[in-house]
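Below is one structure; the comments refer to it alone.
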Amino acid sequence: MAMKLYNYFRSSASFRVRIALNLKGLSYEYIPIHLAKGEHLLEAFAPLSADRLLPVLETEGLRLSQSLAICEYLDEVYPEPKLLPGDASARAQVRALSQMVACEIHPLNNLRVLKHLTGPMGQSESAKIEWIHHWIHTGFKALETLLTERGAKQFCWGDQPTLADACLVPQVFSAQRFEVSLDAYPTIRRIHEHCMSLDAFDQAQPSRCPDAAA
Ligand SMILES: N[C@@H](CCC(=O)N[C@@H](CS)C(=O)NCC(=O)O)C(=O)O
């Protein structure tokens, strides 16, 4: 039975899973859930996702949430090409790079957080943009330092794409969308550009998704 990915073209966490599926050459049914229209908050979505977040992957009778857990599941069940390297110390470092994006930047700028800032907390649109820029710069400064120290070239780790690249590229898209200057991050820009030259990343990008025009 085909895998089903409930996702949204602009969702960074969904984008990570689309990259992982493409890298592994796995086909899937794309099921769009319109986050901006609040479709994930409708009662019909409740049985799919207890936390009302995308993406959700249905496969082999399982319903999986949390993009990093989904990617690691795919890596265990479909081991080639590997998203996580073979030895424990390299794996820990790739996971750390991934989490620097997925735990330290992305959640702070998630839709519901931004809505809470401009809604109940009464912040202005310009304060929201300042908040977004602040947390992306904070995270990217740290990532740029680490990647440069380690001599990262075309990818975040080693000479193949890993989970860390699947996290970094969507975060760069989000930075570009909010017009965050990437001038101070040459290593991040180089990795992003190289990843985007690969089909697996290119085909997963928001503008290629079936719901992009919605
Ligand atoms: N840690 C989660 C984050 C999932 C997440 O925040 N998804 C966003 C889209 S990128 C979402 O569904 N947001 C809905 C909202 O904020 O209301 C993961 O990695 O899957």
- Message: Cut-off 10 angstrom, C-alpha nodes, Gaussian network model of the chain. Which of 118, 162, 148 fluctuates the most?
- Response: 118
- Separation in nanometres of the label points that stand 7 Å from Cα toward Cβ, at residue 103 and residue 184: 2.4
- Task: Would you mind telling me which residue in 47, 55, 32 has the biggest mean-square fluctuation in a Gaussian network model of the chain, where springs connect alpha carbons within a distance under 10 angstrom?
- Result: 47
- Compute the distribution of all C-alpha to C-alpha distances in the stretch 24-65, in bins of 10 Å from 0, and list the percent of pairs in each, rounded to whole numbers. 26, 54, 18, 2
- Message: Nearest 500 deg cm²/dmol is fine: what mean residue ellipticity at 222 nm does the chain get from its DSSP H runs of n ≥ 4 alone, each adding -39,500 (n - 2.57), divided by its residue count?
- Response: -15000 deg cm²/dmol
- Task: Rounded to whole Å and sorted largest first, list the principal axis extents of the Cα atoms in the chain.
- Result: 46, 45, 30
- Return the sequence-ordered ³J(HN,Hα) values of the stretch 106-115 in whole Hz as given by the Karplus equation 6.51 cos²θ - 1.76 cosθ + 1.60 applied to θ = phi - 60°, using x for Gly and Pro. 3, x, 5, 10, 5, 3, 5, 5, 5, 5
- Going down the list 82/141; 37/128; 4/153; 4/141, which pairs span over 30 Å between their C-alpha atoms? 4/153; 4/141
- Could you check which residue among 23, 35, 117 shows the biggest mean-square fluctuation in a GNM of the chain with a 10 Å Cα cutoff? 117
- Pop the C-beta distance of residue 146 and residue 176 into the FRET formula with R0 = 30 Å and round what comes out to the nearest 0.05. 0.90
- Which residues does a label at residue 208 reach in the stretch 20-51, if reach means a backbone N under 18 Å from a point 7 Å past the Cα toward the Cβ? 20-32
- From zero up to wherever the largest Cα-Cα distance of the stretch 1-99 sits, split into 5 Å bins and tell me the percent of pairs in each. 2, 13, 23, 24, 16, 12, 6, 2, 1
- Message: Applying a 10 Å radius around every beta-carbon, put 105-115, 82-92 in order of their mean neighbour count, most first.
- Response: 105-115, 82-92
- Task: List the relative contact order of the chain as a percent without decimals, with contacts defined as Cα pairs under 8 Å and 6+ residues apart.
- Result: 26
- Message: Let me check I've understood the local charge: for residue 209, count other residues with C-beta under 14 angstrom from its C-beta, Lys and Arg +1, Asp and Glu -1. What total comes out?
- Response: +1
- Measure off, as a whole percent, the carbon and sulfur share of the 1.4 Å-probe accessible area of the stretch 73-214, all protein chains present. 54
- Note down the relative contact order for the stretch 1-125 as a percent, whole number, built from C-alpha pairs under 8 angstrom at least six residues apart. 23
- Message: Can you work out the Karplus-derived ³J(HN,Hα) for every residue in the stretch 32-47? Use 6.51 cos²θ - 1.76 cosθ + 1.60 with θ = phi - 60°, whole Hz, and x for glycine or proline.
- Response: x, 10, 7, 5, 5, 8, x, 4, 6, 9, 6, 4, 4, 8, 3, x
- Note on the structure: With every protein chain kept in place and a 1.4 Å probe, the stretch 123-166 has an accessible area per residue in Å² of 52
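The values are calculated or read from the model by the stated rules, or taken from the named source; none is laboratory data. Worth saying up front: this structure is predicted, and the values here are computed from it rather than measured. Methodologically, a virtual Cβ is constructed for each residue, glycine included, from the backbone with ideal geometry; neighbour enumeration extends over all protein chains shown. Keep in mind that these areas ignore ligands, DNA and RNA; they rest on the heavy atoms of the full protein, side chains included. Shrake-Rupley method; radii C 1.70, N 1.55, O 1.52, S 1.80 Å.
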